[in-house]
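S.K.: Quick one: the structure is below, and I'll ask about it shortly.
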Amino acid sequence: MKFSCLHFIYKFRDVAIEELQKVHRIHPAMKPVAGTYTFSDGTQKDLLKLIGNIPVKYEGHSYNLPILLWLMDSFPFTPPICLLRPTTNMVIREGKHVDARGRIYLPSLHNWDHPKSSVVGLLAEMISQFEEEPPLGTKSTGDNRDPNVLLAFVSNLKINEGGVQHHDHLINKVTVIGGGDLGMASVMSILAKGKVDRLVFIDVAESSTKGGSMDLEIFNLPKVEVSKDLSASADSSVIVVTANAWSNEQSYVSVVQTNVDMYRGIIPGLVRLSPNTVLLIASQPVDIMAHVAWRQSGLPPSRVIGAGCNLDSERLCHVLDISLNTHKQAWVIGELSDNKGKMETGLRISFSSGGKFPVLCRAFEMLKGRGQRSWSVGLSIADITHSILVDQRKTHSVSTLAQGWGGIGAEVFLSLPCVLGVSGSTRLAGVSLGQEEDARLRESVTSLCALISQLRI
């Protein structure tokens, strides 16, 4: 097979061709076709898409499930965007691995790490998962839901280059849980970004960070609804949790436990009301609370993230831009504490190359003492929320399940570079860290595991 268009589209042409040749040998029915992918913000990019069917056996019968895989320009180092292609007589069955729009999300997509990860392996996992829980059905399957509702749903779907979409405009609804300075800063910053259609602000009674709801009601901001009822959050694309329930307990573990207990009362209910949401956690300590939210929600790890080191990373990029004028991305990774490492693009730590190490040190010195004030964290939360709402596919350093990244075996949440979009987060591949950075990361893993083990989640 020839892939002549790869030379002007793809950054890693030779590796991409090798990957596509493997797919062709094992799945010859999956055909690469050039097309234009339209992101949610309206921007477009010429990309390759793999179109075809995968064979699935269910209850003794064989089926061909139509799928489409969009290959991003950094493929195969970033995972494909995977979609179902239902025909007119098919119904999408929402489930653990498929949302209402036909977007597919699997553990291997979240933990993508080329060359360990491959399209061939992804298709094998897809077949295995869909044999357990078929994502498509026919109109005449006798689904236990009202068939008229199903028919109306199917007739309201269309397939375009970006995947499955409703004819009606999908509302970008965001809910912010928790009052106080951070809650208010998040509300105002998200509104300022301008990509939200409706914003619900809920000041929960259990939170010790209160305030702002009365002022929002008084001044009646457009698009903002103030409520004390969690049911107002239903069908949110993103739910931001800023609430903290600090107690007067003496030990740090007891203080954190009050937050865990508060989460137990709100997280499961929020997810029942918005099963396709992305949870964005900003409660403290953020790495612990993101882990807690993931455990309590039952959502896949790709749909639960913490604000983490995004603010520090954006600040670092800004300072490096001023100092080096390179316009390169850089990320701060690890625990949101003093045990943070710096990481440049290129998926390799190279502080001393080109004499950049002194500049990086000066950059971190400039960032010391900046702090994480409510207004600055609110701006960072709005930045993350925007990337999700418009499916921007921008890389952020957010707190995510780190298990399997860089040899981490423990079930902990740490800030790592993740590509964010409407389906949540996808980690970038692990890298070889320097000895000092690796030691600090392992120290963070140990301390987080020790704290988690003492909590009643």
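S.K.: Pop the C-beta distance of I322 and A192 into the FRET formula with R0 = 22 Å and round what comes out to the nearest 0.05.
M.R.: Plugging the Cβ-Cβ distance into 1/(1 + (r/R0)^6) gives 0.40.
S.K.: Something else now. For I239, what accessible surface area do you get with a 1.4 Å probe? Give it in Å², rounded to 10.
M.R.: Near enough 0 Å² of accessible area.
S.K.: Now for a separate question. To the nearest Å, what is the center-to-center distance of region 213-275 and region 50-96, using C-alpha atoms only?
M.R.: 36
S.K.: Moving on to the next point. Which links in K11/K328; K45/K96; K45/K116; K193/K394 stretch past 24 Å when you go from one Cα to the other?
M.R.: K45/K96; K45/K116
S.K.: In whole angstrom, note down how far apart the Cα centers of region 302-319 and region 384-400 are.
M.R.: 9
S.K.: Amide H of L136 versus every other amide H placed in the peptide plane: which residues, excluding those fewer than 5 positions away on the same chain, fall under 5 Å?
M.R.: R93
The values are calculated or read from the model by the stated rules, or taken from the named source; none is laboratory data. Not measured: the values here are computed from a predicted model. Glycine gets a Cβ as well: all are built from the backbone with ideal geometry, and neighbour counts include every protein chain shown. The protein model used for the area step is the full one, side chains on, heavy atoms only, and it has no ligands, DNA or RNA in it. Shrake-Rupley method; radii C 1.70, N 1.55, O 1.52, S 1.80 Å.
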